[in-house]
Amino acid sequence: MSNKGRCRICGKTYVSSGMSRHLLSCIDKETMTDGIPERLEKLYEIHVTDKYQKDYWLFIEINGSEKLKTLDKFLREIWCECCGHLSMFTINGSDYSCLPDSIYAEYDMNVSISKVLYEGLKFTYEYDFGSSTDLILTVKNVIRGKKIKDGIRLLARNEMPEDTCSVCKKEKAAYINTYARSYDDVVFLCEKCNDLLNEGELDIDVDPFALRDVCNSPRMGVCGYCGESDVWD
């Protein structure tokens with residue numbers, strides 16, 4: 001998988017490690033060209049990556065006046081949401097849950113970004129405490145700029161992964177087998193092999209109902225995940 005991604009502001013392509021430096025110049029041109037300083041918003045640039053699959057990454061920007069629940073909603077829409085599972089941020093040893101339990105001293109997510117985040121902070125996010133998706137978030141920069149209209153926006157993300165069909169070993173994968181438990185199983189299918197499977201001309205142990213579209217998320221193939229919200233594709 002490529003570690004490259006596209007800047008949503010200018011369209012240029014960079015690897016993850018170079019994207020943050022690039023974004024500072026792009027954001028500076030876009031948000032800092034005018035405005036009375038005291039009316040500018042604190043903007044938090046956050047790098048998001050999967051804990052285990054580092055080639056999946058995002059750069060996002062969020063208003064400091066937004067709540068953690070706005071960030072939770074964004075992560076669900078772009079990478080995680082499948083069956084309405086619980087989620088939680090862990091920040092400096094404190095847990096902020098979408099459904100807090102006082103027994104475990106959890107806080108709710110109705111807290112401002114500017115109250116709990118600061119430049120250089122690394123924190124975590126977990127979606128679904130059964131088949132969990134674990135993310136690592138790092139606040140790369142905090143600047144002042146024009147308030148983001150929708151509260152949060154996607155700045156950049158990794159390119160779509162290009163896995164190869166497990167059967168023909170040649171074509172680009174279009175589907176993932178959610179019942180596969182190891183790479184010894186048939187994990188990916190291309191369009192051609194999927195057609196052969198549906199026509200009964202492919203002798204492999206794959207249930208057609210277990211196939212999901214390949215998508216640009218570390219939760220691909222997990223639980224009932226089918227892809228991101230149309231807002232972020």
### Query
Just for region 165-179: of the residues that are more than 22 Å from the chain's Cα centre (by Cα) and among the hydroxyl-bearing types (Ser, Thr, Tyr), which one is modelled with the lowest pLDDT?
Tyr179
### Task
Name every residue in region 153-179 that is of a type in the set (A, V, I, L, M), within 27 Å of Leu58 (Cα to Cα) and buried (at least 19 other Cβ atoms within 10 Å of the Cβ), in order of residue number.
Leu155, Ala156, Ala173, Ile176
### Task
Name, by its number, the condition in (1) modelled with pLDDT of 90 or more; (2) within 17 Å of the chain's Cα centre (by Cα) that does not hold for Trp232.
(1)
### Query
Take the residues of region 124-134 that are out of contact with any helix residue (DSSP H, G or I) (no Cβ under 9 Å at 6 or more places or on another chain) and among the hydroxyl-bearing types (Ser, Thr, Tyr): which is surrounded by the most Cβ atoms within 10 Å (Cβ to Cβ)?
Ser132
### Task
Name every residue in region 79-98 that is open to solvent by 50 Å² or more (accessible area, probe 1.4 Å) and either in contact (Cβ under 8 Å) with a residue 40 or more places away in the chain or touching a Pro at 6+ places or on another chain (Cβ under 9 Å) (or both), in order of residue number.
Glu81, Cys83, Leu86
### Task
Kindly list the number of the only condition in (1) farther than 21 Å from Leu135 by Cα; (2) of a type outside the set (S, T, N, Q); (3) at pLDDT below 85; (4) part of a loop (DSSP other than H, G, I, E, B) that fails for Ile9.
(3)
#### Entry: Residue check for Glu126: part of a strand (DSSP E or B), over 23 Å from Arg21 (Cβ atoms), touching a strand residue (DSSP E or B) at 6+ places or on another chain (Cβ under 8 Å) and not hydroxyl-bearing (Ser, Thr, Tyr)
yes
### Query
Within region 99-123, how many residues are open to solvent by 40 Å² or more (accessible area, probe 1.4 Å), in a loop (DSSP other than H, G, I, E, B) and at pLDDT 95 or above?
4
### Query
Among all residue pairs at least 6 apart or on different chains, which show Cβ distances below 9 Å where the first residue, located in region 145-159, is over 12 Å from Cys7 (Cβ atoms) and in a strand (DSSP E or B) and the second is open to solvent by 70 Å² or more (accessible area, probe 1.4 Å) and at pLDDT 95 or above?
Ile152/Lys73
### Task
Would you point out the residue of region 135-152, among those that are more than 19 Å from Phe89 (Cα to Cα) and not aliphatic (A, V, I, L, M), that is least open to solvent (accessible area, probe 1.4 Å)?
Gly145
### Task
For residues that are modelled with pLDDT of 90 or more, outside any helix (DSSP H, G or I), of a type in the set (Val, Ile, Thr) and open to solvent by 10 Å² or more (accessible area, probe 1.4 Å), tally how many sit in region 33-76.
1
### Task
Would you please name the residue that is most open to solvent (accessible area, probe 1.4 Å), looking only at residues in region 180-209 that are part of a helix (DSSP H, G or I) and modelled with pLDDT of 90 or more?
Lys192
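The values are calculated or read from the model by the stated rules, or taken from the named source; none is laboratory data. Bear in mind that the values here come from a model prediction, so they are computed numbers and not experimental data. Every residue, glycine as well, gets a Cβ built from its backbone with ideal geometry; the counts of neighbours run over all protein chains shown. Note: accessible area is taken over every heavy atom of the protein model, side chains too, but ligands, DNA and RNA are not part of it. Shrake-Rupley method; radii C 1.70, N 1.55, O 1.52, S 1.80 Å.
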